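Input: a single structure, listed below in structure tokens.
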Amino acid sequence: MNDHLLRLVKSVMEVPYPSKCPLCGRLGESPCAVCVSQFEPHDPLVEFFDEDVLTFRASLFRYRGVVADAVKALKYGRHTSLVEWMARQLELAPESLGLEYDLVLPIPIHWSRRAARGFNQAELLAERLSPSPGILIRVRKTPPQVGLNREQRATNLVGAFQAHESVRGKRILLIDDVLTSGGTARECALVLHAKGATEVGILSFAGEPFN
Ligand SMILES: [Zn+2]
């Protein structure tokens with residue numbers, strides 16, 4: 001490519017273009033105010049448990065409609081401003097919901113999946129909460145929980161995770177994009193407790209109703 005053409009291409013690439021809301025396509029903020037107004041809060045936002053492998057489970061928004069669209073946009077393409085907005089919602093949650101923790105651990109995905117996607121969406125969401133990467137890892141690739149029956153779900157994740165010794169004596173805050181049955185969070189909690197973590201709770205951006 002000659003210099004003139006190179007300069008031309010560069011100048012075209014540098015022209016600021018108006019950003020678009022990845023959820024509805026409107027020009028302007030991402031996500032736009034109209035979409036944000038349609039984010040339905042999860043009810044309840046948080047539930048605490050006395051005798052459970054999980055101390056609490058918290059989800060900010062109900063996993064449907066525009067919230068599900070946002071989660072999909074997060075997984076299948078990097079919409080930086082949308083991801084930042086989602087991470088900011090999670091950043092504010094522990095204080096407003098009274099969630100206490102010492103370590104923030106994003107729910108890990110297998111390295112091969114991370115390599116294919118280029119990122120772990122849970123890590124992106126946890127970014128503003130000072131996460132500790134590499135402490136909880138996924139050592140076995142498992143089929144997605146969705147589409148498995150109850151028994152398959154229960155055994156699917158056994159042995160899938162490993163935790164580092166440094167979780168001993170620590171209260172853990174797990175972060176994920178979506179919380180459905182909670183099976184993944186519970187399996188992580190079992191592994192973390194086995195290494196001496198004192199409490200494990202999960203905070204997700206979106207969630208299905210508790211049952
Ligand atoms: Zn929008």
Does L174 qualify as being hydrophobic (A, V, I, L, M, F, W, C), assigned to a helix (DSSP H, G or I) and at pLDDT 95 or above?
no
Tell me which of these R186 doesn't satisfy, since it passes every other one: (1) under 17 Å from the mean Cα position of the chain (by Cα); (2) of a type in the set (K, R); (3) more than 19 Å from L45 (Cα to Cα).
(3)
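The values are calculated or read from the model by the stated rules, or taken from the named source; none is laboratory data. Only a predicted model underlies this, so the values are computations on that prediction, with no experimental measurement involved.
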